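So that we are looking at the same thing, I have put the structure below in structure tokens.
The values are calculated or read from the model by the stated rules, or taken from the named source; none is laboratory data. Since we're looking at a predicted model, the values are computed, not measured. Neighbour counts run over all protein chains shown; Cβ positions are idealised from the backbone, glycine included. Side chains are part of the model used for accessible areas, which takes the heavy atoms of the whole protein and leaves out ligands, DNA and RNA. Shrake-Rupley method; radii C 1.70, N 1.55, O 1.52, S 1.80 Å.
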Amino acid sequence: MERLTPDRELAAGLLARAKEKGASQGDVTVVEHEGIGVKVRLGKVETVSQAHETRLGLRLFFGRSSAATSTSDLSRASLDRLLDETCAMARVTAQDEFGGLPEPGELAAEVPELDLLDEEARGLPVERGIDAARVAEEHALEYDARITNSEGAEFGNSFNRVIHANSEGFAGEYSTSTFHLSVAPVAASNGSMERAHWFSAARRHDALDAPEAVGREAGRRVIRRLGARKVRTREVPVVFDAAIAGTLVRQVGQAVSGYALYQRASFLCDRLGQRVASDLVRIVDDGTIPSALGSRPFDSEGVGVRRKDVVEAGVLRSYLLDAYSARKLGGKSTGNAARGVGQASGVSPMNLYLIPGEHSPEDIVGSVEDGFYVTELMGFGVNLVTGDYSRGASGVWIEKGELAYPVAELTIAGNLNDMLNQVEMVGNDLRPQSAVAAPTVKISRMTVAGE
């Protein structure tokens, strides 16, 4: 069976045939993916996996009604069926006045080079990944005699080629790579057993942290958790470790998503241009940062990406919108459309960062006489409609400016409106290991519920 070549010509041909069948608009997305994953536990290889897949998604509009489908079979017969089925579905779907592609003037005029692909690392043998995982685990286990076990170490890479074309004349493509190394040691002492996890991720293989460093940091974190106590309920300053402070930024990102806004499911509805946080809070969304994990030259609708000040000195300046949510809200796409192949459109940040401040993590901890340093959060107790916040947490108690002893089985509670306005210090230790990140953050007062 003839398999067609996934390229822009294939996409353009599908769209031309769709137009002949009566479609008013449409777009095609093709994603080619390949990657490996390995897991090592206690020095032995547990799993090795390899994936290679190509998927094509077709979205068609008949007026303001639409349908989206996908296939991994790129034979001519399969694509003929896909086209016929998508047309049939789109014809009977209810009309939606806000449906349709972005306006032509919003589409990316060029595809900037953002250094997202490490082509040289594509041919690295799987043994290199196995060795990296083994070394990371070894250094975690050697960190302290109380580290007696491991849930394993993992290495993975992913290479993707993305092609997007639409009926308004846009056609572009880009390629990316991602590398990931992680380890999860287990420590035991006096009947207490704890687990911790640490990782490194990057677009380029040589930008990963050394396996030795990943292992040692995982070891340090698990030892720090041994002997955890409970504390009595009180209101105190709370310091979010940089590794988890990004969760606060992620919640802001969800609250400024166009879909949450037009559904009236966000505590930030109707607050554009208003103060929503402390002057120290500066959050940007920037998909143009070279080699960053969330960067791309255009979004999943072909709209060019740009830097946006989401929160500037505490003032809400921008929402995150795709074409559909922008029309619902009477605005324009911000280049944040994100959708899986063949799925309906949604919104996602690119690189959403809290801009670093001037304080070291040590300075921030040193400013606290009595408070809580959070290193792990559990549960999903965040209500984005009201901003109410309540999550299980563990970490280290701060006494007289020093990390004193580990604590666990706590709940931290507040409201995101208050928490953002009570940001008192922002660290200088931003470490973008994902597309959403933040440095260490101190909130002046929250309820910490314990005994």
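Mind checking which residues of the range 201-212 are closer than 16 Å to GLU138 by Cβ and either within 18 Å of the chain's Cα centre (by Cα) or in contact (Cβ under 8 Å) with a residue 12 or more places away in the chain (or both)?
Result: ASP209, PRO211, GLU212.
Next question. Any residue in the range 149-177 that is under 15 Å from ALA121 (Cβ atoms) and hydrophobic (A, V, I, L, M, F, W, C) sitting within a Cβ distance under 6 Å of a residue that is open to solvent by 40 Å² or more (accessible area, probe 1.4 Å) and part of a strand (DSSP E or B)? List the pairs, counting only those 6 or more apart or interchain.
Going by the 6 Å Cβ cut-off, the qualifying pairs are PHE159/GLU34.
Anything in the range 129-155 that is touching a His at 6+ places or on another chain (Cβ under 9 Å) and either of a type in the set (D, E, K, R) or open to solvent by 50 Å² or more (accessible area, probe 1.4 Å) (or both)? List them, or say none.
Answer for the range 129-155, where residues must be touching a His at 6+ places or on another chain (Cβ under 9 Å) and either of a type in the set (D, E, K, R) or open to solvent by 50 Å² or more (accessible area, probe 1.4 Å) (or both): GLU151, GLU154.
Okay, next question. Can you work out which of the residues in the range 312-330 that are part of a loop (DSSP other than H, G, I, E, B) and touching a residue at least 40 places away in the same chain (Cβ under 8 Å) is most open to solvent (accessible area, probe 1.4 Å)?
Filtering the range 312-330 for residues that are part of a loop (DSSP other than H, G, I, E, B) and touching a residue at least 40 places away in the same chain (Cβ under 8 Å), the one most open to solvent (accessible area, probe 1.4 Å) comes out as ARG317.
Of the conditions (1) farther than 30 Å from ARG296 by Cβ; (2) open to solvent by 30 Å² or more (accessible area, probe 1.4 Å); (3) part of a loop (DSSP other than H, G, I, E, B), VAL368 clears all except one; give me its number.
Condition (2) is where VAL368 drops out.
Residues of the range 67-123 being within 20 Å of SER291 (Cβ to Cβ), open to solvent by less than 60 Å² (accessible area, probe 1.4 Å) and aliphatic (A, V, I, L, M), which ones?
The answer is ALA108, LEU114, LEU116, LEU117, ALA121.
Out of the residues in the range 178-189 meeting the condition of being of a type outside the set (Val, Ile, Thr) and under 24 Å from ASP209 (Cα atoms), tell me which one is most open to solvent (accessible area, probe 1.4 Å).
Per the stated criteria, the residue is HIS180.
Then there is this: Please tell me if ASP363 is among the charged types (D, E, K, R), modelled with pLDDT of 95 or more, in a strand (DSSP E or B) and open to solvent by 50 Å² or more (accessible area, probe 1.4 Å).
No.
Among the strands (runs of 3 or more DSSP E) contained in the range 149-227, which hold 3 or more residues that are of a type outside the set (Lys, Arg) and in contact with a strand residue (DSSP E or B) (Cβ under 8 Å, 6 or more places away or on another chain)?
Fully inside the range 149-227 and qualifying: 171-189, 198-202.
Here's another thing I want to ask about it. Going residue by residue through the range 156-177, is there one that turns out to be closer than 29 Å to SER394 by Cα and either surrounded by fewer than 19 Cβ atoms within 10 Å (Cβ to Cβ) or modelled with pLDDT of 95 or more (or both)?
yes
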